[in-house]
1. Quickly run through the range 20-29 and pick out the residues that are open to solvent by 10 Å² or more (accessible area, probe 1.4 Å) and more than 18 Å from LYS104 (Cα to Cα).
2. Yes or no: TYR276 under 13 Å from MET199 (Cα atoms) and assigned by TED's automatic domain parsing to the domain that holds MET342?
3. How many residues does the range 139-162 hold that are hydrophobic (A, V, I, L, M, F, W, C) and in a strand (DSSP E or B)?
4. Going by the structure shown, is ALA194 open to solvent by less than 40 Å² (accessible area, probe 1.4 Å) and either part of a loop (DSSP other than H, G, I, E, B) or on the phi > 0 side of the Ramachandran plot (or both)?
5. Kindly provide the set of residues from the range 96-141 that are among the charged types (D, E, K, R) and either open to solvent by 20 Å² or more (accessible area, probe 1.4 Å) or more than 16 Å from ligand 2 (Cβ to nearest atom) (or both), ordered by number.
6. What's the total number of residues in the range 267-282 that are charged (D, E, K, R) and more than 13 Å from ligand 2 (Cβ to nearest atom)?
7. When the range 269-321 is examined, which residues are found to be outside any helix (DSSP H, G or I), open to solvent by less than 30 Å² (accessible area, probe 1.4 Å) and within 13 Å of ligand 1 (Cβ to nearest atom)?
8. Mind checking which residues of the range 177-203 are within 11 Å of ligand 2 (Cβ to nearest atom) and farther than 11 Å from LEU222 by Cα?
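The values are calculated or read from the model by the stated rules, or taken from the named source; none is laboratory data. Predicted model only: the values in this text are computed from it and were never measured. Counting neighbours? That spans all protein chains shown, and the Cβs are built from the backbone with ideal geometry, glycine included. Keep in mind that these areas ignore ligands, DNA and RNA; they rest on the heavy atoms of the full protein, side chains included. Shrake-Rupley method; radii C 1.70, N 1.55, O 1.52, S 1.80 Å.
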Amino acid sequence: MQSFIYRTPTRLYFGKGQLGHLSEELAKYGKKVLLTYGGGSIKKIGLYDRVYELLDGFEIYELPGIQPNPKYDPSVLDGVKICKEKNIDVILAVGGGSVLDCSKAIAGGAKYDGDPWDLITYKAETKAALPIVDIITLAATGSEYDAGGVISRTETNDKTSYSSPYLYPAASFLDPTLTFTVSKKQTAAGCADAMNHIMEQYFCDDSTLLNDGFMEAGLRSLMVNGKKCLENPEDYTARAEMMLTCTYGCNGIYSLGNSESYWPLHGMEHALSAYYDITHGEGLAIITPRWMEYVLSDKTVDRFVKYGVNVFGIDSKLDKFEIAKKAIKETYDFFVSMGIPMTLREVGIDEKRLDEMAHHVAINEGLENAWVPLNEADIKKIFENSL
Ligand code: NZQ
Ligand code: ZN
């Protein structure tokens with residue numbers, strides 16, 4: 001077991017009715033609020049009006065139009081400008097992970113004199129950030145409980161993870177009823193993303209019985225509840241359990257004391273959504289079984305056996321490789337059953353830019369350190385196998 005330091009300072013308000021605490025939470029930081037949101041879903045579900053009702057007496061400025069795979073230009077830059085010009089006290093991010101990630105980059109940039117891209121690429125250290133409060137409306141990323149965000153820069157095909165202890169939300173509001181309207185496509189993608197967050201921590205060299213059990217239960221919970229959410233989008237219990245399981249995803253709690261895996265699937269997926277602006281969870285679902293097949297070997301098979309037996313209930317008496325291959329097929333079949341397109345071509349990616357993307361991943365994502373190290377040729381092969 002590895003040594004670690006752990007702290008998550010975010011206050012979680014979980015369950016229906018908790019939005020009643022929004023104004024008291026925001027008031028801790030001041031009266032000038034930057035409200036950030038996406039393409040309009042919060043207006044359709046009545047949440048925008050509800051926020052204004054709850055924040056009577058606050059001075060609210062707005063940054064609308066934050067896109068999935070949030071863009072540095074214009075969203076981050078515009079948000080930083082508003083924060084500086086209006087002397088904003090606190091950011092209220094309302095929407096999915098993209099809105100929250102963008103808000104984290106704005107929060108850092110607002111307290112920095114130079115180009116915020118310096119912070120996102122770690123050329124400069126983040127030494128402060130505006131406080132962030134969020135109302136998360138999509139169960140997926142775990143951004144509501146972690147210190148990171150992912151920002152895209154279209155002109156350079158960059159999709160970069162940015163994290164700093166200053167970027168933990170001060171408080172996150174998680175009301176599962178706000179996720180009832182999430183489309184089947186985004187529900188399935190969110191489920192795949194959260195499963196992937198667990199797998200990125202599960203497939204490593206050094207884990208514990210405790211963490212393995214926690215993560216195996218997380219994966220089973222996501223599969224059972226993800227299906228229920230598709231069947232009945234207003235199943236409160238299923239939406240709630242899915243939401244909480246997703247929330248644990250990226251802040252490290254699933255794998256305290258484990259060795260680092262370097263998140264190879266996210267490293268590869270970042271290129272897919274940077275070059276083609278695809279839905280993150282779908283990109284992950286497509287490459288996951290292909291990566292599993294590629295890294296399965298005498299050295300890794302035991303980990304796949306544990307995964308297959310404990311997550312899918314595969315008979316432990318079978319041959320090790322038979323169990324591993326069944327587990328990979330179960331993973332693939334689950335994503336298919338959620339209606340996720342399972343080839344790159346189906347999401348608009350062909351062979352044309354695979355070389356370029358593999359090169360980009362190899363030089364930017366550090367996958368030579370991954371659980372199973374991957375070089376440029378390995379990455380390209382996994383992309384080809386995903387076509
Ligand atoms: O833009 P609006 O109109 O709000 O619509 C959104 C968007 O079109 C819609 N939506 C959100 N809540 C809804 C809803 N539609 C109906 N009802 C609701 N209640 O869903 C669409 C997708 O939203 P987005 O925020 O992009 O989805 P998600 O939460 O999956 O976020 C994906 C982004 O998060 C990053 C990904 O790379 C991607 O850019 N990630 C962030 C992580 C983190 N901070 O820790 C970890 C993840 O690995 C992930 O990389
Ligand atoms: Zn993810």
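1. GLY20, HIS21, SER23, GLU24, ALA27, LYS28
2. no
3. Going through the range 139-162 one residue at a time, the tally reaches 2.
4. Considered against the rule, which asks whether it is open to solvent by less than 40 Å² (accessible area, probe 1.4 Å) and either part of a loop (DSSP other than H, G, I, E, B) or on the phi > 0 side of the Ramachandran plot (or both), ALA194 comes out as no.
5. Listed by number, the residues that qualify are LYS111, ASP113, ASP115, ASP118, LYS123, GLU125, LYS127, ASP134.
6. Of the residues in the range 267-282, 1 are charged (D, E, K, R) and more than 13 Å from ligand 2 (Cβ to nearest atom).
7. ILE278, the sole residue that qualifies.
8. Matches in the range 177-203: ALA189, HIS197, MET199, GLU200.
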